[in-house]
Amino acid sequence: MKFGLPMAFTTTMLAWSVADFGKYMGSDLPHARAAVRWGADYLLKAATSTPGTLYVQVGDPGQDDKCWERPEDMDTPRAVYAVTASTPGSDVAAETAAALAASAVAFRRADPGYAASLLRAAVVAFELADRHRGSYSEGTLGAAVCPFYCSYSGYEDELLWAAAWLHRASGNATFMAYVRANGAQDGAGNDDYSSSWDDKRIGTKVLLARAVLRRDRRQNVPGLQLYKAHSDSYICSLVAGGWCRAPAGSRPGTGQYKPGGLIYREGDSNMQYVTTTTFLLLAYARYLRTAGATAACGGGEVAPAELVALAKRQVDYILGKNPAGTSFMGFAYLHSAAPDANLLVGAVVGGPDAHDGFVDDRDSYGQTEPATYINAPLVGVLAYFAGTAKY
Ligand SMILES: *[C@@H]1O[C@H](CO)[C@@H](O)[C@H](O)[C@H]1NC(C)=O
């Protein structure tokens with residue numbers, strides 16, 4: 001399955017990670033950029049290969065979900081779904097525009113020519129989204145995209161998010177004017193930790209608050225101050241609801257946490273809200289710190305360090321500092337005695353010890369771990385014996 005809306009959002013967040021945190025990635029930065037490019041290349045083709053058409057999904061999810069198998073064995077229909085002027089999908093088209101624009105920011109210095117192509121495609125996707133408004137869940141695409149990646153939050157949030165990204169990527173005042181004209185209904189206090197592939201409201205506020213805090217003349221900030229205020233109000237509710245002591249009555253305190261301290265929104269796939277919210281906390285903390293600013297909470301102030309500490313607690317929880325004492329990053333399989341969750345066919349493992357002994361245990365990775373550099377040379381060896389064998 002290729003699901004355009006969550007895939008585009010993934011690319012947007014990965015690109016934002018590189019744009020804001022790339023300087024901390026060291027020798028992993030090229031790998032991170034390669035991962036962004038993998039998503040951006042796909043979206044670029046989806047948005048530009050047929051003029052007036054944006055491809056947004058491949059495969060019928062109803063049939064696909066019934067049939068778990070290797071891609072090589074798949075024979076379920078590879079139906080292709082697209083957004084056009086007569087089949088609107090402003091949500092998925094605007095998210096695609098956001099992903100392309102954010103990727104342009106990530107590649108601005110590393111590959112300016114590629115960044116320019118991404119930006120041009122982002123504008124095309126945005127125009128399709130804005131001129132032919134409608135949710136892809138409500139038209140004829142609805143039966144194919146729902147209930148899997150239905151746009152529950154509507155498309156206004158994606159349009160504003162895309163405009164904010166296009167402005168950051170291009171510096172073109174047209175997009176800020178768009179935000180001013182269309183952003184008014186998106187008020188403060190209507191965010192509830194739902195930041196996800198579906199809901200871009202708080203992400204947009206934090207991104208626009210960056211423009212306000214930078215006081216960049218080209219950003220033309222008057223009228224955008226409210227986005228700093230809205231980001232503050234969201235951040236304050238998180239801080240007040242959780243870890244930080246609040247002067248009684250001074251902070252709204254609508255944050256929700258599990259007893260162990262994890263941000264909690266809902267039971268299914270809660271970690272998506274945790275990771276996105278944690279990203280926003282950290283991004284906002286850095287925008288504040290760079291500007292020498294704080295978040296205004298009720299009568300008081302919350303310093304960037306407090307936001308960083310809250311983000312750190314979320315990360316620690318994810319990686320194992322939690323009541324269950326377990327990491328949610330997948331190490332559970334490493335020490336488990338249960339069978340492998342995924343069967344890898346045809347890979348040679350590390351092999352026996354000096355005495356022909358072999359312990360079939362994941363923890364004994366020197367013996368049980370397969371690796372590409374073990375297998376690649378064997379390809380030639382096996383080819384020789386297969387090609388010269390006498391039957
Ligand atoms: C700014 O963007 C608008 C809308 O895409 C476009 O028409 C205009 O030419 C752009 N301006 C510049 C200076 O690139």
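One table, with the values for the structure above:
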{"read-out": "Projected-area average for the stretch 300-361 over all orientations - Cα convex hull basis, square nanometres", "value": "7.9 nm²"}
{"read-out": "Chain lengthening between Y24 and E369 when straightened (0.36 nm per residue, less Cα-Cα)", "value": "121.2 nm"}
{"read-out": "Förster radius 30 Å - calculated FRET efficiency between A34 and S327, Cβ distance, rounded to 0.05", "value": "0.70"}
{"read-out": "Net charge of neighbours whose Cβ lies under 13 Å from the Cβ of A347, counting Lys and Arg as +1 and Asp and Glu as -1", "value": "-2"}
{"read-out": "Residues R215, R108 arranged by fewest to most Cβ contacts within 10 Å", "value": "R215, R108"}
{"read-out": "Difference of contour (0.36 nm per residue) and Cα-Cα distance, R289 to K312", "value": "6.6 nm"}
{"read-out": "Expected-Rg normalisation [2.2 N^0.38 Å, Cα atoms] applied to the chain", "value": "1.13"}
{"read-out": "Largest to smallest principal axis extent of the C-alpha atoms in the stretch 48-101, angstrom", "value": "34, 24, 19"}
{"read-out": "Sorted by Cβ density within 10 Å, fewest first, the residues M271, M74", "value": "M74, M271"}
{"read-out": "Likely footprinting exposure, S195, S49, fewest C-beta neighbours within 10 Å first", "value": "S49, S195"}
{"read-out": "Convex hull (Cα only) mean projected area of the stretch 1-188, reported in nm² to one decimal", "value": "11.9 nm²"}
{"read-out": "Label point distance in nm, R214-R362, each placed 7 Å from Cα along Cα→Cβ", "value": "4.3 nm"}
{"read-out": "Most to least packed among 148-159, 315-326, 6-17, 76-87 [average Cβ atoms within 10 Å]", "value": "6-17, 148-159, 76-87, 315-326"}
{"read-out": "Violating pairs (Cα-Cα greater than 21 angstrom) within the set K258/K321; K2/K45; K2/K66; K23/K45; K200/K312; K23/K312", "value": "K23/K45; K200/K312"}
{"read-out": "Cβ-derived FRET efficiency at R0 45 Å, A79 paired with A177, nearest 0.05", "value": "0.70"}
{"read-out": "Whole-Å distance, taken between Cα centres, linking the stretch 84-135 and the stretch 20-81", "value": "15 Å"}
{"read-out": "For A82, distant residues with modelled amide H under 5 Å away", "value": "V56"}
{"read-out": "Within straight-line cross-link reach of K205, lysines at Cα separation under 21 Å, skipping those fewer than 8 residues along the same chain", "value": "K228"}
{"read-out": "Mean separation of Cα contacts under 8 Å, 6 or more apart, over the residue count of the chain: relative contact order %", "value": "10 percent"}
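Every number in this text was worked out from the coordinates using simple rules, so none of it is lab data. Please read all numbers here as calculations on a predicted model, not as lab measurements. Counting neighbours? That spans all protein chains shown, and the Cβs are built from the backbone with ideal geometry, glycine included.
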